[in-house]
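Here the structure comes first, spelled out in structure tokens, and everything after it is commentary.
The values are calculated or read from the model by the stated rules, or taken from the named source; none is laboratory data. Quantities reported herein were computed from a predicted structural model and do not represent experimental measurements. Please note: Cβ atoms are built from the backbone with ideal geometry, for glycine as well, and neighbour counts cover all protein chains shown.
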Amino acid sequence: MAAYISPAWFYGYDAAFQLLFAVITLIIAAFSFKVYKASEQRPARLLGFAFLFISLAFLVQALLSALLVSGAQERACDLIGLTLVGLCESVGILLHIALMLTGLALLVLLAVKPAGKRTLLLLLGVTLIALAVSGDALLTYYLLSSFFLAFISWHFIENYLSNKQTKTLLVALAFLFLFFGSFHFLLAVNHEIFYVLGHFLELAAYLLILTNLYVVRKS
């Protein structure tokens, strides 16, 4: 599995982006839980848990990127009892994938009616099977995340078209940016510039979601 597709000139910057994403998504999760505490609306709690998993996924990715850039990955592997650098990298990547896809599956539940634990288990089960039988887990991850984000984006676009509110427009645009950012990562295997563009699209998306939650919290 290809562990690192960042262009050499972007080394270090991607770790900074990922750490920033971890902080922003953690703030989004905190805002969501505050909205849930004030309103007791289930979607707000679901959103909070979704972005909590996404934040943890970015934190793992940031730590892995930092280790790879610093050259400290071999020492880190020795500390946790792993002797193979490649195995250490693979564990980190798979943990990132598992956390991120769990977060996206929770977001999909927001668009599924009725949503419940069985639906979540079905989504996670199909996702794990697809990753297990795939010859390229990283490519499968980007395909699955793009599919999830396309589904979520369509839901929020329909939501905006039904009520034409600024808040719903911000969310729809945010998930569209996340979708295109994820799709860019599919192209990043052969076109490194798309990898960088994907980071900027993700940053714009998370800032839009954070802005929307701030507006909701203040209203």
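Only one entry of 185, 179, 148, 175 meets the criterion of being in contact with a Phe, Trp or Tyr (Cβ under 6 Å, 6 or more places away or on another chain), at pLDDT 80 or above and either within 27 Å of residue 33 (Cβ to Cβ) or crowded, with 20+ Cβ neighbours inside 10 Å (or both), and that entry is 175.
Answer yes or no as to whether residue 78 is modelled with pLDDT under 90, over 30 Å from residue 110 (Cα atoms) and assigned to a helix (DSSP H, G or I). Yes, satisfied.
The test for being surrounded by 16 or more Cβ atoms within 10 Å (Cβ to Cβ), at pLDDT 80 or above, assigned to a helix (DSSP H, G or I) and over 15 Å from the mean Cα position of the chain (by Cα) does not hold for residue 101. Scanning segment 124-141 for residues that are free of Cβ contacts under 8 Å to residues at least 60 places away in the same chain, in contact with a helix residue (DSSP H, G or I) (Cβ under 8 Å, 6 or more places away or on another chain) and surrounded by fewer than 21 Cβ atoms within 10 Å (Cβ to Cβ) turns up 124, 130, 131, 134, 139, 140. Scanning segment 113-131 for residues being β-branched (Val, Ile, Thr) and under 19 Å from the mean Cα position of the chain (by Cα) gives a total of 2. The set of residues from segment 113-123 being buried (at least 16 other Cβ atoms within 10 Å of the Cβ) and either outside any helix (DSSP H, G or I) or touching a strand residue (DSSP E or B) at 6+ places or on another chain (Cβ under 7 Å) (or both) comprises just one member, 115.
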